[in-house]
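Asker: Sharing a structure below in structure tokens format, with a few things to ask.
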Amino acid sequence: MPFEKGNKLGKGRPAGKLNRSTEQAKLTLARLANKGLDNITEDIDKIRETNPVKAAEIYIKLLEYVLPKLKSVDMTVDAEVTQRVEKITVEIKQSHNGNNNENTKE
């Protein structure tokens with residue numbers, strides 16, 4: 001008896017719901033990960049005793065999962081702004097040089 005469109009008797013698995021084997025596999029992996037996380041500090045300490053560089057590398061890799069990565073920001077400066085900054089710099093230098101000349105004349 002083939003499945004007929006509009007059949008209301010067998011609703012099936014709800015959308016997004018995992019089947020039992022997938023759900024059990026994920027639960028087993030989560031338990032294993034939690035058990036590993038409980039011992040991670042001791043494990044890194046043991047590695048640090050024999051190979052401190054390797055322990056530092058592992059620590060840095062683990063930090064990537066805790067701290068957000070910073071994204072570089074590209075800043076563009078308008079040419080007009082650059083010209084104004086240069087003009088202000090020139091004016092400051094000229095006024096500074098002018099003050100020095102006045103001080104030497106006295």
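Derivation of every value follows stated rules applied to the coordinates shown; laboratory data play no part. Only a predicted model underlies this, so the values are computations on that prediction, with no experimental measurement involved. We place every Cβ from the backbone using ideal geometry, glycine too, and count neighbours over all the protein chains shown.
Asker: What order do you get for Ser21, Ser72 when you list them from fewest to most C-beta neighbours inside 10 Å?
Answerer: Numbers: Ser21 8, Ser72 5.
Least crowded to most crowded, the residues run Ser72, Ser21.
Asker: Go through Lys17/Lys54; Lys26/Lys46; Lys35/Lys69; Lys26/Lys69; Lys46/Lys71 and tell me which ones have a Cα-Cα distance over 31 Å in this structure. Could you put the intermediate results ahead of the total?
Answerer: Working: Lys17/Lys54 41 Å; Lys26/Lys46 29 Å; Lys35/Lys69 27 Å; Lys26/Lys69 27 Å; Lys46/Lys71 34 Å.
Pairs exceeding the cut-off: Lys17/Lys54; Lys46/Lys71.
Asker: When Ile40, Ile60, Ile47 are ordered from fewest to most other Cβ atoms inside 10 Å of their Cβ, what list results? Write out the running numbers ahead of the final one.
Answerer: On the way: Ile40 12, Ile60 9, Ile47 17.
Fewest to most other Cβ atoms nearby, the residues stand as Ile60, Ile40, Ile47.
Asker: Going from the alpha-carbon gyration tensor of segment 31-94, what semi-axes, largest first and in whole Å, does one get by taking the root of 5 times each eigenvalue? Can you show the working numbers first?
Answerer: Numbers: eigenvalues 550, 53, 11 Å².
Calculated on Cα positions only, the semi-axes equal 52, 16, 8 Å.
Asker: In addition: Calculate, in nm to one decimal, what Asn19 and Asp43 gain on full extension: separation in residues at 0.36 nm each, minus their alpha carbon distance. Walk me through the intermediate numbers first.
Answerer: Values: separation 24, 0.36 × 24 = 8.64 nm, distance 3.49 nm.
Net length gain for the segment: 5.1 nm.
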